[in-house]
Amino acid sequence: MNTNRFLVGSAVFGLVFTQLFAVLSVRGQERIEPVPFGDFEYWSEQQIKESVLIGGQMKTLYKIGGPWSSSNAHARALGVDKVSVSVTPEKRGDGYCCRMENILEIDKAIGIDFKALATGAIYTGKLLDIVGLKHSSDPNSAIDMGTPFSGRPSALILDYKALIQDKAAVYAAATTSVKEVSGHDVGRITVLLQHRWEKDGHVYAYRVGTAVHLLNHTTDWQNDYRIPILYGQAGKESKQLLSDSYKTYNGDGKMVYIEEVDFCENVPPTHLIIQIVAGSMPPFTGCPGNVVWCDNIRLAYDE
């Protein structure tokens, strides 16, 4: 695993990676292109010491690079530094893959155990370097979701496997209690193509393309798994419009919700969201022990 800083790689690839794909293969009338850093061979590591109040441990914060961020976070609240690591590289064959796990974290402070459920997730977008107290009630407010993109792929292709627990989900939000909740927590792979624009400080979007695949049972590696991307109104069958989930910065530098207003395939995409999660419940809610692995993320195009 190459753990050199990815600054050079980021400078080469940039965020607008539609112009920077390298063609992986051409077979028949289809073109396959890898998503930068989607082979998970290049990670960076940052050593961060947590505050003495919660034990003062040295933690390794892993970052993927390129267009990707993850649920790994350095949080600072009331002067206390806390590191959450739910995404890590894992050896696979001669290389590495990405491992995402739902973790029930327990931190002891002044003799009291505080518990929080962290959902393992990766996504195209950017997480703040330090997540503050103001983001605790709305974790999405710390994420600039999506990356600039103008392609029209027909499918997402990847390798994945999953360990999905058959037990109750819990809610734990950095308090002393853990509450059982109803529902079965499952992993999920989501692809959203959006056409965004801004008006009066609001960021609006048409949903151009949609793909959703639920990981609702344990499975071994599914190599070269294809998830078709449905365009326009066809996306309604697999995903509703979202206006209160993802955020981005508007032209004034304010973080606002991306307000999706309709399904529309006859407009060019401006942004791509790929999100892979080990649990699909709201923040601080999920099934501890759910694990999803992924590798070799690619996009297919009809020629």
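For the chain, modelled as a GNM with alpha-carbon contacts under 10 angstrom, which of G253, G146, G55 fluctuates the most?
Among G253, G146, G55, the largest mean-square fluctuation in the Gaussian network model of the chain belongs to G253.
Have a look at region 100-229 and give its Rg and Dmax from the Cα atoms, expressed in angstrom.
According to the Cα coordinates of region 100-229, Rg and Dmax are 18.1, 54 Å.
Mind checking which aspartates and glutamates have their C-alpha under 12 Å from K167, skipping anything on the same chain fewer than 8 residues away?
Cα-Cα hits under 12 Å: E180, D185.
Please report, in whole Å, how far the alpha carbons of the chain spread along each principal axis, starting with the longest.
62, 51, 41
For I297, what is the net charge nearby, where nearby means another residue's Cβ is under 11 Å from its Cβ and Lys, Arg count +1, Asp, Glu -1?
Values: positive: R298; negative: E33, D39, D159, D295.
Summing Lys/Arg as +1 and Asp/Glu as -1 gives -3.
Putting +1 on Lys and Arg Cβ atoms and -1 on Asp and Glu Cβ atoms, find which of L156, H195, A168 reaches farthest to the positive end of the dipole of region 149-214.
Ranked along the dipole, the leading option is H195.
Anyone know which of I112, I103, I274 comes out most mobile in the 10 Å Cα GNM of the chain?
Among I112, I103, I274, the largest GNM mean-square fluctuation belongs to I112.
Per residue, how many Å² of accessible area does the chain show with a 1.4 Å probe?
On the way: 14160 Å² over 303 residues.
Per residue, the chain has 47 Å² of solvent-accessible surface.
Which percent of the accessible heavy-atom area of the chain goes to carbon and sulfur, probe 1.4 angstrom? All intermediate terms of the calculation are to be shown ahead of the outcome.
Working: 7400 of 14160 Å².
Percent of accessible area from carbon and sulfur atoms in the chain: 52.
Give the Kirkwood hydrodynamic radius (Å, one decimal) of region 162-284, defined as one over the mean of 1/r across all pairs of different Cα atoms. Don't skip to the end; give the middle numbers.
On the way: mean 1/r = 0.0608 Å⁻¹.
About 16.4 Å for region 162-284.
Given the options L214, L78, L193, which has the most mean-square fluctuation in a GNM of the chain, springs set between C-alpha atoms less than 10 angstrom apart?
L78
Too long at a 27 Å Cα-Cα cut-off: which of K82/K254; K115/K254; K63/K91; K59/K108; K91/K126; K63/K199?
Numbers: K82/K254 25 Å; K115/K254 31 Å; K63/K91 16 Å; K59/K108 16 Å; K91/K126 25 Å; K63/K199 34 Å.
Cα-Cα > 27 Å for K115/K254; K63/K199; rest within.
Can you pull the accessible area of I106 for me, 1.4 Å probe, Å² to the nearest 10?
100
The values are calculated or read from the model by the stated rules, or taken from the named source; none is laboratory data. What you see is a predicted model, and the numbers here were worked out from it, not measured in a lab. Quick reminder, even Gly has a Cβ in these numbers, built from the backbone with ideal geometry, and neighbours come from all protein chains shown. Just the protein is used for accessible areas: all its heavy atoms, side chains included, with ligands, DNA and RNA removed. Shrake-Rupley method; radii C 1.70, N 1.55, O 1.52, S 1.80 Å.
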